[in-house]
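The values are calculated or read from the model by the stated rules, or taken from the named source; none is laboratory data. As the structure is a computational prediction, the values presented were derived from the model and not from experiment. Using ideal geometry, Cβ is built from the backbone for each residue, glycine included, and neighbour counts are taken over all protein chains shown.
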Amino acid sequence: MTPFDSDLRPAPAGRPSLAVGLRNRVHRSEALRGYLLLSPALAVLGVAIIAPLILLIVMSTWSMSGFDMLMTPGLGNYAIIASDPIYAALLGRSLKIAAIATAATVLLSYPVAYFVAFHVHRHKMLWLILLTLPFWTSYLMRIFAWRVVLGYEGVINSALMSLGLIEAPMQVFLYSQTAVTIALAHAWAAFAILPIYVSLEKIDKSYLEAAADLGDNAARRFWRITLPLSLPGVVAAFFLMFIPTVGDYVTAAMLGGPDGMMVGNLIQAQFGPINDWPMGAALALVMTLAVAVAGLAFLLLTRMIRR
Amino acid sequence: MDVIDQLHAVRSGKLSRRAFNRSLMALGIGLTAVPLGARRALAAPEDHPTFFTWGGFDIPELFVEYQAKHGEMPNFSTFGGSEEALVKLRSGFVADVSHPCLSGVPRWVETGLFQPIDTSRLSNWPNVMPELYNADFNQTEGKFWLVPFDWGQTSITYRTDLFDLQGEESWAMLSDQRHAGRLGMLSSGGDAWWCGAIMAGVPLSEIATEDAFTRISDFMRAQRPLIRIYTDDTTSLEQALASGELVAAMTWNSSAVTLRAQDVPVAFAQPKEGALTWVCGVMLHKDAPHLDRAYDVIDSLISVPSGIFNIGTYGYGHSNMKAFDNFDEATLRGLGLSKNPIEILQAGHFMTPQSADWEARMNSTWEKIKAGF
Amino acid sequence: MAATEPFHSPNRPLALYALGFTLFLYAPILFIPLFSFNSGLYARFPLQDFTLAWYAELWTRGPVFAALQNSLQVGLTVAVISTVLAVPAAKALARYRIPGKGPILGFMLLPLVVPGLIFGVALLVLVSRLGIPLSLWTVGLGHIIICLPFAISILLPRFEGANRSLEEASADLGENAWWTFWRVTFPTILPGVMASLLLTFTVSFDEFIIAFFLSGTDPTLPMYIWNQLRFPQSFPSLLALSTLILVVSFGLVLASLRLARLNRDLPGRKTS
């Protein structure tokens, strides 16, 4: 029962032998004890991940008739997803928006993480906190704030107009894929900075010193040592941000306009107004698969680069 | 797994443990203390019924009578859409009183979750306009399933200074090429599709036909390039109208009222084809745990003070005829209402109940059109 | 002194860039407090009069506080449960030779690489099939899934880094397992536990996507804000609430920073 078993319990004396035997066996087998400690977390995740996912897969083969679900299995939903162009288009758009936002965030964050890791000496913690503080505000409110910035009478338009660069407010900023991309990049910046920072911070400075002694200049040192060694952080940042953003629908709903709709919005609609849960389940699974494929492709790409 | 130490490094690595302890304690105390104080004063205790309603109707102004009688407010639970509300009720949530709309009544009744309302127990019932509840599907054995509370119109709110109106107000304003990219639409099929039918010239009585589907879809597809946003969040629509980003948008009455209160020059159009009239009201759960007080909630909602607030502040119609006596004709006209509301109701297009299959097909078609397919 | 090391030399352009980046992070967020003091209903320029009315109005709005309290309850519960589950799991993964450790760890971190939407949808399907009504508990369950990987990834390095010889010494002195855990192991992982509690709380407190599918009739704060978007009249007071939350969390973080510094600067005292 005690989850915090340590290796050193003295054998209890004078207990019935069966219990002692069992306890000793548990005690002696490291693996068994390990599994025992893991079991609560695994049980929760098992119930909360595996069971629903299996049901999701099963449900994706059902269909709707009015309010009722017909439980005859079939691949009709997948056939529709494959044949109707809207699904591929929205999925592609989601992957594209997420990829651009992620790439932009990682590229823009890298120098900042580099700066904090290598050029800040006394106030590292202050910088890190400063960079993560904005993410303590409500996500919905941050999206709203972007509306104020990008809006018709928003900050950018007002600034451009007062500078005399434009005469009438421009509509291109808000309600577009660009707006969604910007807001996503902003919202996830901390998730990009932190892993990159950690991987940079871990780099053994003596490598750099050695390279400097051998006459490598700063740029060469960066390309040959710093960048390759920080790549794991970059990969982690990519995954931490790319995957959740593919499935996002709030940002798209609030900033996307008609052409910024993502696959997440469609999935949400299936479970909401359209009330076709089996179709929603099928779409959700297709999205997961697409994300997994995209992730693997990225991983292979970084492997190839590292070689 | 490097993911990993990152957070650790930031959040713990360099902060001392002591500091963490303190900040966490402060977090716990600071954040829980605030709501506790406020809540004690406001929360209704266990013995009050729950009103399951749209966000925005959970306010004291609508429960003046109820508070006078019981000293406190009823409990509230809010939803963002009536479909969502029905799903929650079907999954076992018991709210004494819920707030659906008239055209949804047959589907709500079908769930077997509701009891007809004994209107003789409502002191304000005699003043309720019969036009709002007299539908075959709404009655059973002299009792009614839904007691109407709010009603209104879905029409066009437009900027009088920015929209170049030529001729009469009409639904064609929302397909005006000159204002392409500066027009807005409500996003839910419940409003947009029905208005689409009016715009496409389909009689609402024929909305379920195959031909209607084609005509409405074609119309809405052609309209899409002109539309800047489809949204149900009125905050966005009003914000956009206020800033001039939109010059005209499909809205409910309330938007025009709110905008005018902020000195934005807008008008609520009376389109020559007629606006879409909607009626919402309250239904009683079959297992309502606080039945007597649930009747008081309903009675309070259809009382004159609630009506005055609903008309004056929200700009919606109200079911109590007497509430209209407190407003002059000009004000009411501006809201798309009238001293003689019955006349408006008779002229309006009503939404009619449709089958679940129709709803599903309509919603899925509509989602695709909005996405550009 | 840094100038003696070539790769530590101050880099003006880089510093400027970092500053600019920080400004970019903060700029949009500052509009939330700005408009919470603006008398106009709509957030647009030019600003109108300064007002505290939205803060006053906030005070009269019971449902807002009910939602805030729901979020706090869910957040605290999720933080405690996921951390309590993560501590033994992280210990097992860090300390024991277990067959299949890789796949197990992979499975536990899986939620980090699956869109949250999927869990929301899948759990919704499951609980509705089982006839379990949606409630704050179902939201909490969903949040535990996404918080557990964070908790484990924070705690794992703690266990890996902790000094085992102390535990062994404690055992040699005849302490039992519980006692050893509380007296020896726990203090060394405490910073990790704290970090885990804080992070999981933060994640849960602001989570919307899963809560959208799994919340019943008691909304969490993000859900409440979402529902209120239809009512422009209530929006400014939500800005006021967000400002207050902003101030409280900024204050807390800065205060803890301050405390950390004080601790360090006190003579004769060492930070852990």
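Quick look at the values:
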item	result
Of the criteria (1) within 24 Å of C:Leu130 (Cα to Cα); (2) out of contact with any Pro (no Cβ under 6 Å at 6 or more places or on another chain); (3) modelled with pLDDT of 90 or more, which one A:Ala82 fails	(1)
One residue from C:Pro111, C:Pro99, C:Pro63, C:Pro46 being within 11 Å of chain A (Cβ to nearest Cβ) and either in a helix (DSSP H, G or I) or small (Gly, Ala, Ser) (or both)	C:Pro111
Listing of helices (runs of 4 or more DSSP H) fully contained in region A:158-256 that carry 1 or more residues being within 11 Å of chain C (Cβ to nearest Cβ), of a type in the set (Lys, Arg) and under 26 Å from A:Phe298 (Cα atoms)	A:218-221
Candidate set from region B:131-150 (those that are among the aromatic types (Phe, Trp, Tyr) and either in contact with a Leu (Cβ under 8 Å, 6 or more places away or on another chain) or free of Cβ contacts under 8 Å to residues at least 60 places away in the same chain (or both)); member that is farthest from B:Glu110 (Cα to Cα)	B:Phe149
Verdict on C:Ala94 being more than 9 Å from every other protein chain (Cβ to nearest Cβ), at pLDDT below 90, in a helix (DSSP H, G or I) and crowded, with 16+ Cβ neighbours inside 10 Å	yes
Selection count where residues are facing another protein chain (nearest Cβ under 7 Å), over 30 Å from B:Arg90 (Cβ atoms) and surrounded by fewer than 22 Cβ atoms within 10 Å (Cβ to Cβ), scope region A:258-303	3
Every residue from region B:45-65 that is surrounded by fewer than 16 Cβ atoms within 10 Å (Cβ to Cβ), closer than 18 Å to C:Val64 by Cβ and acidic (Asp, Glu)	B:Glu61
Selection count where residues are aliphatic (A, V, I, L, M) and within 15 Å of B:Ile59 (Cα to Cα), scope region B:289-310	5
Residue in region B:357-373 that is within 14 Å of chain A (Cβ to nearest Cβ) and at positive phi present	yes
Filter result for C:Arg129 (over 21 Å from C:Leu221 (Cβ atoms), among the basic types (Lys, Arg), in a helix (DSSP H, G or I) and in contact (Cβ under 8 Å) with a residue 12 or more places away in the chain)	no
Helices (runs of 4 or more DSSP H) enclosed by region A:41-144 - at least 1 residues per element that are within 9 Å of chain C (Cβ to nearest Cβ)	A:51-59, A:85-118, A:124-132
Scope region B:166-207; condition over 22 Å from B:Pro353 (Cβ atoms) and either without any contact (Cβ under 8 Å) to a residue 12 or more places away in the chain or of a type in the set (Asp, Glu) (or both); matching residues	B:Gln166, B:Gly167, B:Glu168, B:Glu169, B:Asp176
Residue in region B:35-58 that is assigned to a loop (DSSP other than H, G, I, E, B), within 13 Å of chain C (Cβ to nearest Cβ), under 19 Å from the mean Cα position of the chain (by Cα) and at pLDDT 85 or above present	yes
Per-region count, region B:91-101, residues of a type outside the set (Gly, Ala, Ser), outside any loop (DSSP other than H, G, I, E, B) and touching a His at 6+ places or on another chain (Cβ under 8 Å)	1
Count of region A:138-193 residues which are surrounded by fewer than 24 Cβ atoms within 10 Å (Cβ to Cβ) and among the basic types (Lys, Arg)	1
Filter result for B:Asp191 (among the acidic types (Asp, Glu) and surrounded by 16 or more Cβ atoms within 10 Å (Cβ to Cβ))	yes
Residues (in contact with an Asp or Glu (Cβ under 9 Å, 6 or more places away or on another chain) and either of a type in the set (S, T, N, Q) or closer than 18 Å to B:His318 by Cα (or both)) located in region B:117-139	B:Leu122, B:Ser123, B:Asn124, B:Trp125
Residue within region B:138-152 that is closer than 24 Å to B:Ser243 by Cβ, modelled with pLDDT under 95 and hydroxyl-bearing (Ser, Thr, Tyr) present	no
Within region C:197-223, considering residues that are modelled with pLDDT of 90 or more and in a loop (DSSP other than H, G, I, E, B), the one farthest from the other protein chains (Cβ to nearest Cβ)	C:Thr220
Sole residue being more than 12 Å from chain B (Cβ to nearest Cβ), small (Gly, Ala, Ser) and buried (at least 16 other Cβ atoms within 10 Å of the Cβ), chosen from C:Ser71, C:Ser82	C:Ser82
Test: B:Leu241 is closer than 27 Å to B:Gly80 by Cβ and touching a residue at least 40 places away in the same chain (Cβ under 8 Å)	yes
Hey, B:Val87 outside any strand (DSSP E or B), within 11 Å of chain C (Cβ to nearest Cβ), surrounded by fewer than 20 Cβ atoms within 10 Å (Cβ to Cβ) and among the β-branched types (Val, Ile, Thr) or not	yes
Test: residue in region B:222-239 that is more than 14 Å from every other protein chain (Cβ to nearest Cβ), of a type outside the set (Ser, Thr, Tyr) and over 28 Å from B:Asn134 (Cβ atoms)	no
Residues satisfying the stated conditions in region B:102-121, i.e. crowded, with 19+ Cβ neighbours inside 10 Å, out of contact with any His (no Cβ under 7 Å at 6 or more places or on another chain) and not in a helix (DSSP H, G or I)	B:Ile117
Given (1) within 21 Å of the chain's Cα centre (by Cα); (2) buried (at least 24 other Cβ atoms within 10 Å of the Cβ); (3) within 12 Å of chain B (Cβ to nearest Cβ); (4) farther than 24 Å from A:Ile129 by Cα, index of the condition C:Trp226 fails	(2)
Only listed residue being at the interface with another protein chain (Cβ under 7 Å from one of its Cβ atoms), at pLDDT 80 or above, buried (at least 24 other Cβ atoms within 10 Å of the Cβ) and closer than 21 Å to A:Gly34 by Cα, chosen from C:Leu148, C:Leu155	C:Leu148
Selection count, region B:59-84, where residues are in a helix (DSSP H, G or I) and closer than 23 Å to A:Trp277 by Cα	3
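Residue by residue, here is whether (1) in contact (Cβ under 8 Å) with a residue 60 or more places away in the chain; (2) within 19 Å of the chain's Cα centre (by Cα) holds:
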site: B:Val264; (1), (2): yes, no
site: B:Leu291; (1), (2): yes, no
site: B:Ile302; (1), (2): yes, yes
site: B:Ser338; (1), (2): no, no
site: B:Ile342; (1), (2): yes, no
